[in-house]
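These notes are about the structure you will find just below.
The values are calculated or read from the model by the stated rules, or taken from the named source; none is laboratory data. Since this is a predicted model, take the numbers as computed values, not measurements. Note that each Cβ is placed from the backbone with ideal geometry, even for glycine, and that neighbours are counted across all protein chains shown. SASA here: full protein model, heavy atoms, side chains in, ligands and nucleic acids out. Shrake-Rupley method; radii C 1.70, N 1.55, O 1.52, S 1.80 Å.
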Amino acid sequence: YYFKIYPYTNSGSAINYKTDGNVPQTSGKTLTQQILDPGDIAILGFQSDNPDKFAFIALTNILGGTEIKFTDNGWTDDNNLSSNEGTLTWIVPSEGINKGTIITVTSDGTNWTVTQGTISSSGSPAFATAGDQIIVYQGSSSSPTLIYAFSSSPWLTTGTITSKTSYLPTGLTNGTTAHCFASTY
């Protein structure tokens, strides 16, 4: 959308619009991406044997073009994402998705595919059968807006994370915006 806004003086029927000479101009963009809240997405299924696979549900309507990231990097004890594994970046299809839509993401060992939208990977996302996690966020990995976390290993409370373990991400709550299940469930 484009708008022209003219400065003016006076009020009521005596408004004097400035339309001559150089009219001040500026431009801006409307929001191109929806920012999600914690719990707007939940992981429904997780498979760590061949093929690696997970499914999630949208718990709110999500606008087309919105970018959401899924990483198997763990959350560290100093409140950061580690960077030793990989990240999947999912872009919502242009028509958006409705609340209740279930999306499945699958790896063939090399490439990742998704049932709706597009997905790309950076690093080496892969799930360990001995336990792993998926942390869902928007923005950059150095300053993520956390949406949801899932772990098939217990959340750490002390010590150093490994590729198979993670602390509960700050701002998420186990049992609502994060879930931890034993890998045998």
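Does S48 satisfy being under 21 Å from C180 (Cβ atoms), among the small types (G, A, S) and either without any contact (Cβ under 8 Å) to a residue 12 or more places away in the chain or open to solvent by 20 Å² or more (accessible area, probe 1.4 Å) (or both)? Against the criterion (under 21 Å from C180 (Cβ atoms), among the small types (G, A, S) and either without any contact (Cβ under 8 Å) to a residue 12 or more places away in the chain or open to solvent by 20 Å² or more (accessible area, probe 1.4 Å) (or both)), S48 qualifies.
Within region 168-183, the set of residues being in a loop (DSSP other than H, G, I, E, B) and either buried (at least 19 other Cβ atoms within 10 Å of the Cβ) or in contact with a Ser or Thr (Cβ under 9 Å, 6 or more places away or on another chain) (or both) comprises L168, P169, G171, L172, T177, F181, A182, S183.
Take region 57-81 and flag every residue that is closer than 16 Å to S121 by Cβ and assigned to a strand (DSSP E or B).
Selection gives E67, I68, K69, F70, T71, L81.
Of the strands (runs of 3 or more DSSP E) lying entirely inside region 97-167, none contains at least 1 residues that are within 13 Å of F70 (Cβ to Cβ) and open to solvent by 70 Å² or more (accessible area, probe 1.4 Å). Across region 58-76, the qualifying residues are those that are closer than 20 Å to P38 by Cβ and open to solvent by 30 Å² or more (accessible area, probe 1.4 Å), and the one among them that is nearest to the chain's Cα centre (by Cα) is K69.
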